[in-house]
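Heads up, the thing below is written out as structure tokens.
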Amino acid sequence: MKLRHSLALAAVMLCAPWIAQAAQVKFINQSSWEIHEIYFSPASQKSWGEDHLGEDILEKGDSLTLSGVDNGVWDVRVVDEDGDECIIEDVSIDGSDSWTIRDADLLACQANS
């Protein structure tokens, strides 16, 4: 009985990192603007979570890595120094992702709003 219990416990412990594993998302700001806010929302919901930058600013040329982002499909909202926002819908996050924010991306969002 103890052996069966130990094997079951070992199996759960081996599977746990896969079940609970969260992603890292790296944002690289190669735009001409500072990024003041970054939000995530599950794609199935319409409410934004917390601002992941808080009081920080993602300066031009800087990068930021967010840890602990749950794998899944998300909408991402980025707000620049002028208050212009860019929303990217249905972004699949799985493992470690890297996103580069460029002028063309932010300007395309402004043109679409």
**Request:** Output yes when any residue across region 85-98 is among the hydroxyl-bearing types (S, T, Y) and under 20 Å from W33 (Cβ atoms), and no when none is.
**Result:** yes
**Asked** Within region 92-113, how many residues turn out to be touching a strand residue (DSSP E or B) at 6+ places or on another chain (Cβ under 8 Å) and under 13 Å from D80 (Cα atoms)?
**Response** 5
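Do we find that I57 is surrounded by 12 or more Cβ atoms within 10 Å (Cβ to Cβ), without any contact (Cβ under 8 Å) to a residue 60 or more places away in the chain and in contact with an Asp or Glu (Cβ under 6 Å, 6 or more places away or on another chain) in this structure? If you could, list the steps in order and put the result at the bottom.
Working: surrounded by 12 or more Cβ atoms within 10 Å (Cβ to Cβ): yes; without any contact (Cβ under 8 Å) to a residue 60 or more places away in the chain: yes; in contact with an Asp or Glu (Cβ under 6 Å, 6 or more places away or on another chain): yes.
For I57, the condition - surrounded by 12 or more Cβ atoms within 10 Å (Cβ to Cβ), without any contact (Cβ under 8 Å) to a residue 60 or more places away in the chain and in contact with an Asp or Glu (Cβ under 6 Å, 6 or more places away or on another chain) - is met.
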**Prompt:** Looking at (1) modelled with pLDDT of 90 or more; (2) assigned to a strand (DSSP E or B), which is the one condition that is false for G83?
**Reply:** (2)
**Message:** Pairs needed: first member in region 66-84, over 14 Å from D51 (Cα atoms); second member anywhere, among the hydroxyl-bearing types (S, T, Y) and surrounded by fewer than 17 Cβ atoms within 10 Å (Cβ to Cβ); C-beta distance under 9 Å; at least 6 residues apart or different chains.
**Reply:** N71/S92; G72/S92; V73/S44; V73/S92; W74/S41; W74/S92; D84/S113
**Request:** Would you mention how many residues in region 23-42 are surrounded by fewer than 14 Cβ atoms within 10 Å (Cβ to Cβ) and either free of Cβ contacts under 8 Å to residues at least 40 places away in the same chain or of a type in the set (A, V, I, L, M, F, W, C) (or both)?
**Result:** 1
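Condition check ((1) outside any strand (DSSP E or B); (2) in contact with a Pro (Cβ under 8 Å, 6 or more places away or on another chain); (3) modelled with pLDDT under 90) across all residues:
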site: H5; (1), (2), (3): yes, no, yes
site: A8; (1), (2), (3): yes, no, yes
site: P17; (1), (2), (3): yes, no, yes
site: A23; (1), (2), (3): no, no, yes
site: I28; (1), (2), (3): no, no, no
site: S31; (1), (2), (3): yes, no, no
site: F40; (1), (2), (3): no, no, yes
site: S47; (1), (2), (3): yes, no, yes
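The values are calculated or read from the model by the stated rules, or taken from the named source; none is laboratory data. Note that the coordinates shown come from a computational prediction; the quantities given were computed from them, not determined experimentally. For neighbour counting, all protein chains shown are included, and Cβ atoms are generated from backbone atoms with ideal geometry for every residue, glycine included.
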